[in-house]
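The values are calculated or read from the model by the stated rules, or taken from the named source; none is laboratory data. Since this is a predicted model, take the numbers as computed values, not measurements. Virtual Cβ from ideal backbone geometry, glycine too; neighbours counted across all protein chains shown.
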Amino acid sequence: MSEELTNSRLGAMAYDPAPESAAIARLKPAYGLFINGQFSDPSSHENFETLNPANEEPLASVAQASVADVDRAVYAARRAYDTIWSKTTGAERSKYLFRVARLIQERARELAVVETLDNGKPIRESRDVDVPLAAAHFFYYAGWADKLDHAGFGPDPKPLGVAGQIIPWNFPLLMAAWKLAPALAAGNTCVLKPAETTPLSALLLAEILQQAELPDGVVNIITGDGAAGAALVDHPGVDKIAFTGSTEVGRLIQQRVASSHKHLTLELGGKGANIVFEDAPIDEMIEGIIDGIFFNQGHVCCAGSRLLVQESVADDVLRRLIRRVDQLRVGDPLDKNTDVGAINSAAQLARIKELTAYGEEEGATRYTSSCPLPDKGYWFAPTVFADVSQSHRIAREEIFGPVLSVLTFRTPEEAVAKANNTNYGLACGVWSEKGSRTLWVAERLRAGVVWANTYNRFDPASPFGGVRESGFGREGGRHGLEAYLNV
Amino acid sequence: MSRVSTAPLRLVTSVDRDVQLPRASTLPVIESEVQLRALLAGLSGVDAVGAEARAAKLATRSLKKSTKLAALDLAIAMVDLTTLEGADTPGRVTSLCAKAMRPYPSDPSVPSVAAVCVYPDLVGHARHVLGSSSVKVASVATSFPSGRASLNVKLLDVREAVSAGADEIDMVIDRGAFLSGRLGHVFDEVVAVKEACGSAHLKVILETGELVTYDNVRRASWIAMLGGADFIKTSTGKVGVNATLPAALVMLEAVRDFAEVAGAVIGVKVAGGIRSSKDALRYLVLINETTGSAWLSPERFRFGASSLLNDLLMQRLKQRRGSYVRADEFSGD
């Protein structure tokens, strides 16, 4: 062994750029509103540009829906519900859903590139996670459409009617699939509003719905800002509001929907705790922590943004974690070797910077990846805060970015107490080779989802949703049907 | 049981992006089976789902252009060109050695491979043909591939191969002893074989396909390393399941951790079923992102293979010319 060796550089073999072609997206210069099966101009003739967050260049011009457009979309959905969809058998509905699922698979590459351009997420994730999971959701709920009698909600459960669905910018296509697939399987018609900064994959999905020959008006997709979303929430012709997004906006929606006839489900923020015991499988646990917080740049409502590590192994875990964080490849989201992409918007980047500044001010020890960042676009280097206390803002508030707060605990009781010491309750992770302890901890965690020896794993058959300020209602699985049935 | 070094286990606690390598060898002393068991019991478990997911994720890395060219050349230099058949003859070994020294005579910039790997009775012949070339002679000994013989027979096998000129010995561990819990027996055999090797390098074959679980792979890796292995090797190539990416990942994690806590840099060899350049490059990515630069060298990583070499040559030429050539462009040895 050579005496002069003192370390072995990870990632010494630099990878040449391996970009996916942006041309695959075949983006149009402008997109209208998808109402009653057709793309049409907004009544206001107002448009806005959607940017590529990786270089701040405009991708396409998108219609700004006005109150009148929202009204038109809800009317189209109502008519489609009354005249067609409520009279369509479950088996027929399932046929359309299977078609959509297959078309998503056929156009997977195009969808993945569009998603990465518009959102900034690495192509590896849009290709291997977002798009396949979106197709899987349509496949899964296609199977339920003709079996609702056997879903456990009594004989012949009825749909609610017109569902208004507002989705966030972190998983634009996947959230559209989570909303549309169960709603349509249950027999509802939909008005979907994608997020202002990420409308493109939903508009491509609209093309797919046309290709699938879904009857006109069964799904309407309107683009625009918060005002369009508010108009949809307030519209008297809507029977159900399903919202995924921030707790702040969710609270406003709940207030506006109160005292109306509308059903409501909310999937809001989180401050997930990833709990690491000293007997955890260490290498896989490190990967799980990384996936938990750096997947999708940490723009994940269920992100494992708090790491609770048993004090006896804290030094070793932190050392390995920092080493691994420094290896993350940050850069061009279209590059197949990119691990962490761009922050979705300037506003989100500002929010992340603000909260991380508090972290340093409050006395936490900051480790920031030494990775080089591109000059243009919205970027934030993966960051870990050690020595974080429960009272720090970075331990309490959702950062929604690639920032991990590390806290320690001594006993399982303390781990549970710290994990539950939050207003949120979406997801937690437990890492241990001892099954009995994992179950003991999982039973006591106040969270909608608890993962054991993994994190951020999704399957259409598994229900997902929160408790407390993380919202209510479930998406996915048999439970996901309940949100769209009159039970 | 005894080992030469006396330094205690040492943990590196500083925060650093790279894998810390020791300045000097500080191998821990294993004096009893109780101590060995305690050490192995202290190793972290492996979560199979997580390990396989990590390997699959790294397999999606895309190597292009100059990275790919450099990686193909490195892979060629890491090949242990192998023939392990009952039908092997001196003539067969002669042509294999010629291929090993000059894999593609039309292009002198193609590196020679790391070693040829043969049965012990053909070591003398291979040594004679290779002469003073940089290509090493490796030999499978210890009643390869099953290892079902007495220790004396195994040691004799090793000593004869070494005295016939083998630079490297590929031994097999006693899987039966491992699976029946006689871990001290496995360790003692590695120690004895290492001693019989003298100055020859020792590669210890774990036969991961027979150990089955990743926990076993990790424990067997540590037994081999503590016993004095210079390399740990996945497989004989003679059973149903040979080298796999997740098994190699677990072994790379083991050599990385061993370097940090025990103070010795151990190599890894993957063998069996690696036929395409794509497969080979995936292993290089695994090294790059698990153990780092110190293992990106034939000194620390090998491919035990035969047909792989021609595919590496094929892809190398394709990268340079932009188009594929006929398979007959390369010699069939």
Answer residue from region B:1-34, given it is exposed (fewer than 15 other Cβ atoms within 10 Å of the Cβ) and at pLDDT 70 or above and is nearest to the other protein chains (Cβ to nearest Cβ) among those: B:Val34
Enumeration of residues in region A:7-31 that are more than 9 Å from every other protein chain (Cβ to nearest Cβ), crowded, with 19+ Cβ neighbours inside 10 Å and either under 14 Å from A:Val62 (Cβ atoms) or at pLDDT below 95 (or both): A:Leu27, A:Tyr31
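On the given criteria, is A:Gly224 assigned to a loop (DSSP other than H, G, I, E, B) and surrounded by 24 or more Cβ atoms within 10 Å (Cβ to Cβ)?
Numbers: assigned to a loop (DSSP other than H, G, I, E, B): yes; surrounded by 24 or more Cβ atoms within 10 Å (Cβ to Cβ): yes.
Against the criterion (assigned to a loop (DSSP other than H, G, I, E, B) and surrounded by 24 or more Cβ atoms within 10 Å (Cβ to Cβ)), A:Gly224 qualifies.
Out of curiosity, is B:Ala229 in a loop (DSSP other than H, G, I, E, B), within 15 Å of the chain's Cα centre (by Cα), closer than 20 Å to B:Arg182 by Cβ and among the small types (Gly, Ala, Ser)? Break it down into steps so the answer makes sense when it comes.
Details: in a loop (DSSP other than H, G, I, E, B): yes; within 15 Å of the chain's Cα centre (by Cα): yes; closer than 20 Å to B:Arg182 by Cβ: yes; among the small types (Gly, Ala, Ser): yes.
Considered against the rule, which asks whether it is in a loop (DSSP other than H, G, I, E, B), within 15 Å of the chain's Cα centre (by Cα), closer than 20 Å to B:Arg182 by Cβ and among the small types (Gly, Ala, Ser), B:Ala229 comes out as yes.
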Per-region count, region B:259-282, residues free of Cβ contacts under 8 Å to residues at least 12 places away in the same chain and crowded, with 20+ Cβ neighbours inside 10 Å: 0
Evaluation of A:Arg320 against (1) assigned to a loop (DSSP other than H, G, I, E, B); (2) surrounded by fewer than 24 Cβ atoms within 10 Å (Cβ to Cβ); (3) touching a helix residue (DSSP H, G or I) at 6+ places or on another chain (Cβ under 7 Å) (one fails), failing number: (1)
Failed criterion for A:Glu207 (all others in (1) part of a helix (DSSP H, G or I); (2) in contact with a strand residue (DSSP E or B) (Cβ under 6 Å, 6 or more places away or on another chain) hold): (2)
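Going by what's in this entry, would A:Glu110 be described as surrounded by fewer than 22 Cβ atoms within 10 Å (Cβ to Cβ) and either part of a helix (DSSP H, G or I) or modelled with pLDDT of 95 or more (or both)? Give the derivation first.
Values: surrounded by fewer than 22 Cβ atoms within 10 Å (Cβ to Cβ): yes; either part of a helix (DSSP H, G or I) or modelled with pLDDT of 95 or more (or both): yes.
The answer is yes for A:Glu110.
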Residues (without any contact (Cβ under 8 Å) to a residue 12 or more places away in the chain and outside any helix (DSSP H, G or I)) located in region A:392-428: A:Thr411
Positions within region A:181-204 being in contact (Cβ under 8 Å) with a residue 40 or more places away in the chain and either basic (Lys, Arg) or in a helix (DSSP H, G or I) (or both), in sequence order: A:Ala181, A:Pro182, A:Ala183, A:Leu184, A:Ala185, A:Ala186, A:Lys193, A:Leu200, A:Ser201, A:Leu203, A:Leu204
Matching option when the condition is crowded, with 21+ Cβ neighbours inside 10 Å, within 10 Å of chain A (Cβ to nearest Cβ) and among the basic types (Lys, Arg), among B:Arg316, B:Arg302, B:Arg256: B:Arg256
Residues of region A:334-347 satisfying the condition of being closer than 24 Å to A:Ala22 by Cα and more than 14 Å from chain B (Cβ to nearest Cβ): A:Gly341, A:Ala342, A:Ile343, A:Asn344, A:Ser345, A:Ala346
Region B:57-74 - residue that is facing chain A (nearest Cβ under 7 Å) and in a loop (DSSP other than H, G, I, E, B) and, of those, farthest from B:Leu249 (Cα to Cα): B:Lys64
Count of region A:136-151 residues which are out of contact with any Leu (no Cβ under 9 Å at 6 or more places or on another chain), in a helix (DSSP H, G or I) and without any contact (Cβ under 8 Å) to a residue 60 or more places away in the chain: 2
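Restricting to region B:267-299, name every residue that is polar (S, T, N, Q), more than 9 Å from chain A (Cβ to nearest Cβ) and not in a helix (DSSP H, G or I). Walk me through it before giving the result.
So the first thing to find is which residues in region B:267-299 are polar (S, T, N, Q), and the list is B:276-277, B:288, B:290-291, B:293, B:297.
Subset that is more than 9 Å from chain A (Cβ to nearest Cβ): B:276-277, B:297.
Selection gives B:Ser276, B:Ser297.
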Failed item, numbered, when A:Ala342 is tested on (1) within 24 Å of A:Leu426 (Cα to Cα); (2) in contact with a helix residue (DSSP H, G or I) (Cβ under 8 Å, 6 or more places away or on another chain); (3) buried (at least 24 other Cβ atoms within 10 Å of the Cβ); (4) hydrophobic (A, V, I, L, M, F, W, C): (1)
Cβ-Cβ under 9 Å pairs, at least 6 apart or on other chains, region B:205-229 side touching a residue at least 60 places away in the same chain (Cβ under 8 Å), far side assigned to a helix (DSSP H, G or I) and of a type in the set (Ser, Thr, Tyr): B:Tyr214/B:Thr208; B:Val217/B:Thr208
Condition broken by A:Val317, with the remaining ones in (1) within 14 Å of chain B (Cβ to nearest Cβ); (2) under 16 Å from A:Thr383 (Cβ atoms) satisfied: (2)
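For B:Lys99, state whether it is in contact (Cβ under 8 Å) with a residue 12 or more places away in the chain, basic (Lys, Arg), more than 30 Å from B:Lys318 (Cβ to Cβ) and buried (at least 17 other Cβ atoms within 10 Å of the Cβ). If you could, list the steps in order and put the result at the bottom.
On the way: in contact (Cβ under 8 Å) with a residue 12 or more places away in the chain: yes; basic (Lys, Arg): yes; more than 30 Å from B:Lys318 (Cβ to Cβ): no; buried (at least 17 other Cβ atoms within 10 Å of the Cβ): yes.
The answer is no for B:Lys99.
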Condition check for B:Ala149: modelled with pLDDT of 95 or more, assigned to a loop (DSSP other than H, G, I, E, B) and among the aliphatic types (A, V, I, L, M): yes
Selection count where residues are more than 15 Å from A:Ala12 (Cα to Cα) and of a type in the set (Lys, Arg), scope region B:48-84: 4
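For region B:319-333, which residues satisfy the criterion of being in a loop (DSSP other than H, G, I, E, B) and surrounded by fewer than 11 Cβ atoms within 10 Å (Cβ to Cβ)?
Filtering region B:319-333 down to residues in a loop (DSSP other than H, G, I, E, B) leaves B:322-326, B:330-333.
B:Gly322, B:Ser323, B:Arg326, B:Gly332 - these are the residues of region B:319-333 that are in a loop (DSSP other than H, G, I, E, B) and surrounded by fewer than 11 Cβ atoms within 10 Å (Cβ to Cβ).
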Residue in region A:130-153 that is at pLDDT 95 or above, of a type in the set (A, V, I, L, M, F, W, C), closer than 20 Å to A:Arg78 by Cβ and in contact with a strand residue (DSSP E or B) (Cβ under 8 Å, 6 or more places away or on another chain) present: no
Complete set of residues in region A:316-360 that are within 25 Å of B:Ala56 (Cβ to Cβ) and of a type in the set (Lys, Arg): A:Arg320, A:Arg323, A:Arg324, A:Arg329, A:Lys336
Qualifying residue in region A:426-440 (condition: buried (at least 17 other Cβ atoms within 10 Å of the Cβ), away from chain B (no Cβ under 14 Å) and more than 27 Å from A:Val129 (Cα to Cα)): no
Cβ pairs under 6 Å, 6+ apart, first in region B:37-61 and crowded, with 18+ Cβ neighbours inside 10 Å, second of a type in the set (S, T, N, Q): B:Asp47/A:Asn453; B:Arg61/A:Asn337
Of the criteria (1) surrounded by fewer than 23 Cβ atoms within 10 Å (Cβ to Cβ); (2) within 14 Å of another protein chain (Cβ to nearest Cβ), which one A:Gln390 fails: (2)
Residue identified as touching a residue at least 60 places away in the same chain (Cβ under 8 Å), away from chain B (no Cβ under 11 Å) and either in a loop (DSSP other than H, G, I, E, B) or small (Gly, Ala, Ser) (or both) among A:Gly359, A:Gly304: A:Gly304
